[in-house]
Amino acid sequence: MVAIIRAALKEEEHLRTLWRQRDDGSMPHWVTTQYQEHWKGSHVTLIITGAERGAPQVTYVAQAGKLRGPGDDLKRRIEVVKPYRLLSPVPWAELEALVPQLSRQYLLRDGALPSGAGKHLLKALSKRASDVIPHLQTLGAGDRHSPALTPAARLLMDERDATLTSVRMADFDVDELVSWDQPHEDDDVPFITRLQTRNGPSHEDDLIAHDVQRFRDWLGPQDWLNRAGWAGFSQGEQRLFIYNANRKAAEKTLGVDLIYYHESRDCFVMVQYKRMSKGSGASEWRYYPNNDSNLTEQLERMRAIDDECDKSKRTIDDYRLSARPSWIKLCQGDSLLPDAKSLTPGIYLAREHFDQLHRRFQTAGNPRSFSRKTVDRYLDNTEFTDLVAGGWIGTTGLGSKGVQRQLELSLSGSREVIFAAVTGGSPSKRERMQRRRERGTDRRS
């Protein structure tokens, strides 16, 4: 069934602060009170904000149900979980107009709706905000289950995460990213080209244009880039340039490499993406290395990169917790996230840590898959991007020639490449923390 909750002004502010996705994909719940007579069972719930200001709009869709424990004589406690924030809130008046006349009387109050009225309301919402459809299907209210991701969609999902990770590693403001155009068909347009930014494209910035040309030369002649796109951002004295490059069709691409280069810090990090899966009825996301025919060759390549970087280290270089560049991200998720800012939940493992676990998992009596239950220690999105932003992990002394070489190897090895480069002075931790406070960034989101 379907229900409605109109949030008070203080509740709206509470939800803006509370409902931020954690790195494991979960979200905190919200407990409120509703009149008992209108709440029986669990419901797909539309959260309306702005009602007290005279401008009601549907901002969130979630699951809500009765919570054990005392309320009062008229109301009972309601727990709201699995929230999704619409990309663009929908004015309530527009939804009412799309609902048949006989059902509109039920939209005047909070609580559960009759079955027919609820179906009409969800149909109207899906028509006005198509981005909510995958979430409705997750909540069991969609007309059909989400189809399995196509090769192009899986590639797009990892492109998206690599791009957003680059912004976070550079410690740039993620609020610069407003939205993105999701595919309506199995097309071949890269994520960076779909991305909508707050201040529009940076192509007019002379300094960014200079970096674009310089780094583009590292990627080789443009005529072999079948799928390409780029974006540039500036923040103080720093500039961030992100390029999406590939010369293979999606079906022939073996995965995504994120290559991140911090010029002033002389730091290079590479993340190779691997996808976890969840079997029918399973609760855990798992990656099975024995089912990955490309893994052996890819690990050999990463070991060669790490060994080469070990040889280039100098005693005068900046200190690192880990000076090897190669990392693996095991990503969960079977659908494209609709917003433009949230990273895909997953597990980051240094290549040598992955090797150690892989060897252990091959012996009798040990697990055969990587998951949050079988891997005790890993980095999440926030921990990994913060360590890179602070210069604690990544190479030293490799130089631009070495980074160019790794770009060539990734592209020649049928890998999609998201290449990000940061130029300009590197702020201190105090300056980075001050910048985050000024823009109100919560890095746990």
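Okay, here's what the table says:
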item	result
Inter-label distance, nm, simple model (7 Å from Cα along the C-beta direction), N291/A304	2.9 nm
Semi-axes of the equivalent ellipsoid for the range 372-420, Cα gyration tensor, largest first, Å	26, 17, 10
Calculated FRET value between T138 and H14, using beta carbons and R₀ = 25 Å, to 0.05	0.60
Percentage relative contact order, the chain, counting C-alpha pairs under 8 Å, at least six apart	17 percent
Residues of the chain: accessible area per residue with a 1.4 Å probe, Å²	48 Å²
Fraction of accessible area attributable to carbon and sulfur, the chain (%, probe 1.4 Å)	48 percent
Burial ranking of peptide ranges 165-175, 308-318, 353-363 (average Cβ count within 10 Å, highest at the top)	165-175, 353-363, 308-318
E12, E300, E96, reordered so the largest accessible area comes first (probe 1.4 Å)	E300, E96, E12
Karplus 3J(HN,Hα) series, Hz, for the range 388-397 with 6.51 cos²θ - 1.76 cosθ + 1.60 (x for Gly, Pro)	5, 4, x, x, 8, 10, x, 6, 9, x
Accessible surface, 1.4 Å probe, highest first, among residues R194, R104	R104, R194
Listed residues E263, E431 arranged by accessible area, highest first, probe 1.4 Å	E431, E263
FRET efficiency for S400 and A249, using Cβ-Cβ distance with R0 set to 22 Å, rounded to 0.05	0.15
Computed E for D376/K82 - FRET, C-beta separation, R0 25 angstrom, nearest 0.05	0.35
DSSP-defined beta bridges in the chain - what % are antiparallel, rounded to 5	75 percent
Under the Karplus curve 6.51 cos²θ - 1.76 cosθ + 1.60, θ = phi - 60°, whole-Hz ³J(HN,Hα) for the range 189-196, x wherever Gly or Pro sits	8, x, 4, 4, 6, 7, 6, 9
Helix-only mean residue ellipticity at 222 nm for the chain, each DSSP H run of n ≥ 4 adding -39500 (n - 2.57), per residue, nearest 500	-9500 deg cm²/dmol
Alpha-carbon spread of the range 35-183, three principal axes, descending order, Å	53, 35, 33
Additional length obtainable on full extension of the chain from L108 to D318, 0.36 nm per residue less Cα span	69.3 nm
Alpha carbon Rg of the chain, scaled by the compact-globule rule 2.2 N^0.38 Å	1.07
Hull shadow area, averaged, the range 64-140 [alpha-carbon convex hull, nm²]	6.1 nm²
Derived scalar couplings ³J(HN,Hα) [the range 405-421; Karplus, 6.51 cos²θ - 1.76 cosθ + 1.60; whole Hz; x for Gly, Pro]	4, 5, 4, 4, 5, 5, 5, 6, x, 6, 10, 6, 10, 9, 9, 10, 10
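The values are calculated or read from the model by the stated rules, or taken from the named source; none is laboratory data. Nothing here was measured: the structure is a model prediction, and the numbers come from that model. Glycine gets a Cβ as well: all are built from the backbone with ideal geometry, and neighbour counts include every protein chain shown. Quick note on the areas: whole protein, heavy atoms, side chains included, nothing else; ligands and nucleic acids left out. Shrake-Rupley method; radii C 1.70, N 1.55, O 1.52, S 1.80 Å.
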